[in-house]
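The values are calculated or read from the model by the stated rules, or taken from the named source; none is laboratory data. All values reported here derive from a predicted model rather than from experimental measurement. Using ideal geometry, Cβ is built from the backbone for each residue, glycine included, and neighbour counts are taken over all protein chains shown.
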Amino acid sequence: MGNVFVLDHPLIQHKLTYIRDKRTGTKEFRELVDEVAMLMAFEITRNLPVQEIDTETPVTTATTKVLAGKKIGLVPILRAGLGMVDGMLDLIPAAKVGHVGLYRDPETLTPHEYYIKLPSDIDERELIVIDPMLATGGSAKDAIASLKKRGAKNIRLMCLIAAPEGVEVIKEAHPDVDIYLAALDEKLDEKGYIIPGLGDAGDRLFGTK
Ligand code: URA
């Protein structure tokens, strides 16, 4: 069964408070999401495999560690997922980036895929699907299914905030996928917003609406 990890590092939680605050404007919101994404990337990559190599320091030869070449792919779900990519690339600059475009029917809340472009070797990559808000779970569920259909084997899901309903949907549909969150909130409201949440992540990131 996939695990749910709430990354309760004090810096992540502090920044998340200001991300939630309705008085935070677009510029600051974007910067904070970027910073939290970077901090989350630090936590999420904690278990990447390393290998030992011999390194000549100015004074001796030492056995040291380097990453063991595990290939990473970031897959933001458009459009709000884009807001977390740069922060993650600060720490994982060699990661390749695929994109999945899904929109939510405002009436039925059902997601529809309108765009997908992925690295050719997704079957060899550790993929991190990125969506700031895991609300009903419909978009992330469908995006992960799309990746699996195209050969992906190792997938993790990274979100800023999730509703318990969305977490259950992913656990049920994709029990092999670990979920990384900055916060697990209370519930969804009747319009599909996460409560207390942060409002519409895409609108707040891009200054729309
Ligand atoms: N998407 C958002 O951006 N916010 C929510 O609260 C739910 C879905």
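Within segment 180-193, how many residues turn out to be touching a residue at least 24 places away in the same chain (Cβ under 8 Å) and more than 10 Å from the ligand (Cβ to nearest atom)?
6
Examine segment 98-121 for a residue that is among the polar types (S, T, N, Q), over 23 Å from Gln13 (Cβ atoms) and either at pLDDT 95 or above or surrounded by 22 or more Cβ atoms within 10 Å (Cβ to Cβ) (or both), and state whether such a residue exists. No; the residues of segment 98-121 include none that is among the polar types (S, T, N, Q), over 23 Å from Gln13 (Cβ atoms) and either at pLDDT 95 or above or surrounded by 22 or more Cβ atoms within 10 Å (Cβ to Cβ) (or both).
Is at least one residue of segment 194-206 crowded, with 17+ Cβ neighbours inside 10 Å, more than 9 Å from the ligand (Cβ to nearest atom) and among the aromatic types (Phe, Trp, Tyr)? No; the residues of segment 194-206 include none that is crowded, with 17+ Cβ neighbours inside 10 Å, more than 9 Å from the ligand (Cβ to nearest atom) and among the aromatic types (Phe, Trp, Tyr). Here Lys171 meets the list (1) within 22 Å of Val33 (Cβ to Cβ); (2) more than 16 Å from the ligand (Cβ to nearest atom); (3) in a helix (DSSP H, G or I) almost entirely, failing just condition (1).
Return yes or no: is Val177 away from the ligand (no atom under 11 Å from the Cβ) and in contact with a Ser or Thr (Cβ under 9 Å, 6 or more places away or on another chain)?
Spelling it out, it is not the case that Val177 is away from the ligand (no atom under 11 Å from the Cβ) and in contact with a Ser or Thr (Cβ under 9 Å, 6 or more places away or on another chain).
Within the span defined as segment 149-159, every residue fails to be within 11 Å of the ligand (Cβ to nearest atom), on the phi < 0 side of the Ramachandran plot, surrounded by 17 or more Cβ atoms within 10 Å (Cβ to Cβ) and charged (D, E, K, R).
Select from segment 126-146 the residues that are more than 16 Å from the ligand (Cβ to nearest atom), crowded, with 24+ Cβ neighbours inside 10 Å and of a type outside the set (Val, Ile, Thr) and list them in ascending order.
Within segment 126-146, Leu127 is the sole residue that qualifies.
Restricting the first member to segment 113-133 and to residues that are of a type in the set (Ser, Thr, Tyr), and the second to residues that are away from the ligand (no atom under 16 Å from the Cβ) and not in a loop (DSSP other than H, G, I, E, B), the beta-carbon pairs closer than 9 Å and six or more apart or on different chains are Tyr115/His99. Sort out which residues of segment 125-147 are under 14 Å from the mean Cα position of the chain (by Cα) and under 17 Å from Met88 (Cα atoms), and write them in order of number. Hits for segment 125-147 are Glu126, Leu127, Ile128, Val129, Ile130, Asp131, Pro132, Met133.
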